[in-house]
1. If the label point is 7 Å along Cα→Cβ of residue 646, which residues in the stretch 613-635 have backbone nitrogen under 17 Å from it?
2. Using the beta-carbon distance between residue 243 and residue 90 and R0 = 30 Å, what value does 1/(1 + (r/R0)^6) give for FRET efficiency, to the nearest 0.05?
3. Probe radius 1.4 Å, ligands and nucleic acids ignored: give me the carbon and sulfur share of the accessible area of the chain as a rounded percent.
4. Using a Förster distance of 30 Å, how high is the FRET efficiency between residue 677 and residue 758, based on the Cβ-Cβ distance and rounded to 0.05?
5. Determine the gain in length on full extension of the stretch residue 512-residue 742; use 0.36 nm per residue of separation and subtract their C-alpha separation, reporting nm with one decimal.
6. Would you kindly state how much longer the chain becomes between residue 43 and residue 57 on full extension, computed as 0.36 nm times their sequence separation minus their alpha carbon distance, in nm to one decimal?
7. So which of 89/160; 77/160; 401/437; 89/146 end up more than 20 Å apart by C-alpha?
8. What's the ranking of 49-55, 750-756, 539-545 by average number of surrounding C-beta atoms within 10 Å, highest first?
Amino acid sequence: MLRFFAAVFACVAILALVAAAGTIYVFDHYGHDLPDHTQLASYEPPVTSRVYSGNGRLLAEYATEKRVFVPVDAIPKPVIEAFLAAEDKNFYTHPGVDIIGIGRAILTNISHFGTDRRPVGASTITQQVAKNFLLSNEVSITRKIKEAILAFRIDRAFSKNRILELYLNEIYLGYGSYGVAAAALNYFNKALDELSTEEIAFLASLPKAPNNYDPARFPEAALARRNWVLTRMQEEGFLSADETARAQAAPLDVRPRQATERVAADYFAEEVRREVVRAYGEQALYQGGLAVRATVDPEMQALAEKALAAGLEDYDRRHGWRGAITHIGPDGGSRLPDDWRDRLAEVPPPPGLGSWRLAVVSDLGARGASLAFVDEATGIIPMSELAWARPWKEGQSVGDKPKKAADVLSVGDVVAVAALDAATEAGSDRDPAYALKQLPAVDGALVAMDPHTGRVLAMAGGYSYARSQFNRATQANRQTGSAFKPVVYLCAMENGLTPASIILDAPFIIDQGPGLPPWNPSNYTDRYYGPTTIRTGLEQSRNVMTVRLAETIGMDKVADCARRLQLFDNLPPYLSYALGAGETTLIRLTTAYAMLVNGGKALTATLIDRIQDRYGKTIYRHDDRDCPGCNATVWADQAVPVLPDTSAEVTDPASAYQIVSMLEGVVQRGTGKTVSSVGKPLAGKTGTTNEARDAWFVGFSPDLAVGVFVGFDEPTPLGHKEAGASVAAPIFRDFMKEALADKPATPFRIPPGIRLVRINAETGELARAGDRKVILEAFKPGTEPRPVPEDAPTAAGAGAGRLLTGTGGLY
C-alpha cells in the first residue's frame, strides 16, 4: 500500500513538474515580443469631438468611434454589477485569468460534446482588455495563450478599477456604440444613471455577440439573454428574487436615440473642420475629444442662408425657365401613363430641393397646370405662378411671356413646387395652389462678421451644401471688380487728397509698356462727367477717375495698401488691378472692409473662438490677450475687466473714416442706393467685373460687416443689365434688414481729429447760400477747402477745365 501511494505521489510530482516546465516554456516561448501592456497606463480611448455654436448649441460631431468616456467612479454601481455577473464574476479575486472558470468551462464543454450547444468560454474582463487593446481578433490557440500572458501582466500592473474602466469604455455593444455610455444613449436614449435594472441587464448581455442579440432583428434571443443576465445578477446577490422577477417580466423596449438638435450651418461646420484638421491633424479631430467653440450665431446664420437663397432664386427667375426636371409621360400625350405613380417615386430628388416637393403635371387648362403627387395628393399651379417662366435663352436672356400653361409645361413633366399660403379655386374641390420652383443655376456666398473682433457670425458658402460642398466664401478666388476701389481711394486719403478733391472724369489712353497695346479705360455707362469730386467718383463708381487716381498715386502704394488690408499678398503693379482685376475670396474682401469701419485696426477673420482638449485644457484661443480679472468664479461687484487694445494699425483712423463716409454716400445716393431702404446707417460698395461675370456688394453697419458674392461657378456673364447693384446688393439689403431689425440706428463713429465741413457736393467747395446739394464732408485738420471769393469762377465754370478752388485736384 505504501508503495502504491509512493508511486501515485511520484506520478503527481512528475506531472506537476512537467506542467510547471510546460508553463515556463509557454511563458518563455510566447512571452517574447508581446505588445507593451504598460501603454495602457496612458491610453486615451478615441472620443467624439464636438463643435459648438456661439450660443453653446451643438454644430457638429466628428468621430471614428462614437464614444462617451465615463470614469469608473462615475459609472453607476448596478451597471458594474451587471457586467461582472454576466462576464466575470471572479474579476476582483482572480489574477487576470480565472483558473476555476477555465476548469468549469472545460467540464461544461465536455458535457455538451456532440450537442448543438455553443461552446462556453472563460475569458475574463482582463483578457478581453488584452485582446481589444493589444491583440487582434484572430481565433487561434496562439492568440489565447498570448492573451492569458498579457492578462497576468496587466493584472499586476494596474488596479482592478482601471482595468474595468478601460473595458466598460472600450467594448463594442452594437448600434454603433462604443462603451456603455454610448450604448445607453443609442438603445434607450438615456444617460447611464437613468437606466432601469432590466435596461442595464440588456446592455450587459451584449459584449459576447451584439449582432446576435439585436432587439430589432432577434427580439426573442435578446429577451432571453437579458433575462439570463438578470438571473446571474440574482445568483451573485446583486438582486433579490422579487427584483429579478419584476425585471424579467418587463418588456424589452428599445427607444433609439433621438436625433440631436443641431445648428444648421453646413458650410460653416465644414470650414471649421478643415481649420482644425490643418492645425491639429485628423486624429486629434476624430479621436481626440476636442471641444471647439465656433463663432457662428445661429439666428444670423439662418438669416444669411435665407437671404442668399432668396436672392439667387430671384435672379434665376429673372432669367427664365430651363425646363422640367424630367418627363414621365407619353410624348405628345394628354394623359399620364397608368404607372405614373411608380415612375414618379423613382425620380431622385435633385440635391438642394429642401422643403420643395416633386410633382407631375397631370393636366393643363385655362386656370393653370394640375399636379399629382406620389401620396395621391393633388394641386394646381395657377397662371399667376407661371408668369415668370419665360423660356431661358443663351446669354441669360428670355423668350416671350407665357400666355397659357402649355407654353411652359407638358403633361408628364416632373417639376419642383412649393405650397402657397392660400388655396386657389380649381374646379369644384379647391385644390391647393403651388408655386413653380426651379433650382438656380447661379450660386454665391454671404459672410457676416464682427468688425471689431474678426469673429465670423454667419457664413453661407452656396445655395445648398447638399448640392455642392464648394465654399464660395473661402475657396472661390474671383475678380473683385469695383469692390476693390475703396482700397485705391484709401491710398489717396493717406497721401494727402480729400473726398472733396477734384479729378477729371474724361477719356485718356495709357501706355502699358513694350509689347502691350494702349489701354483706354472707360466708365460702365460709357459717359464722362468732367471735373468731379473724389466722393462722387467713388459713390458713382467711375472707372476712369479711379485709374487716373491710381496712376498718380502709384500702383506700388495701392498694392501696399491692399497688403495691409490683407486683401492681396502681392498685387501686381498694373493699373487694371485698380479696377479689381485681382482675384481674392469673399472672406478676405469682407475682412478688408471690416478694417475700414473699425478705425483702421488689423483684423484676422476667425471661425473659432477656442479649442479645448478632452480634459478641458484650452489649447487655442483666438483672443490671446491677457485678462487677469476674467477668471473670477463669482460676481462680487468688482470692476469689469478692461482688455488692452493690442491691434496693430493698418491705416490711420482719419483716412479710414473718410472712406467710411464716402461708402455711406454710396448707399445714400450712389450705386448701392437700393440698400438705403434698410433705414439704418449703412455703407458699402458694389462690384461688377467685365461682362458681369462676378457681382459683389460688401458693406457694413458700425458693428457688422457683411459681404455678398454672386456668380456662376464656371465664370459666365450674368446677363444684360445685371450688376452688383441688381444681384448682390438686394441680398445684402434683405439680410441687413433682418439682422438689424432690433438694433438701434447707430451712426458711424467719428475718430478724433476729423472735421466735418459743409461743402457743395458737386464742386467740393465750401457751401454757399443757395447751394442745393450740400453735405457734411470729413476732412483732416488743415485740408479743408479755403473760402472762395464771391466773384471767383467755380470749377464747373472755369475755362479749359482749370481748377480755381482750393480743394486740389488731378487733371
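The values are calculated or read from the model by the stated rules, or taken from the named source; none is laboratory data. Just so you know, these numbers come straight off a predicted model, no measurement behind them. So basically every Cβ, Gly included, is an ideal-geometry build from the backbone, and we count neighbours across all protein chains shown. Surface areas here come from the heavy atoms of the whole protein model, side chains and all, with no ligands, DNA or RNA. Shrake-Rupley method; radii C 1.70, N 1.55, O 1.52, S 1.80 Å.
1. In the stretch 613-635, the label zone of residue 646 (backbone N under 17 Å from the point 7 Å along Cα→Cβ) covers 618-631.
2. 0.85
3. Roughly 53 percent of what the probe reaches on the chain is carbon or sulfur.
4. For residue 677 and residue 758, the calculated efficiency is 0.65.
5. Computed gain between residue 512 and residue 742 is 77.6 nm.
6. Answer, rounded to one decimal: 2.1 nm.
7. With Cα atoms farther than 20 Å apart: 89/146.
8. Working: 49-55: 19.7, 750-756: 13.1, 539-545: 24.0.
Peptide ranking by packing, descending: 539-545, 49-55, 750-756.
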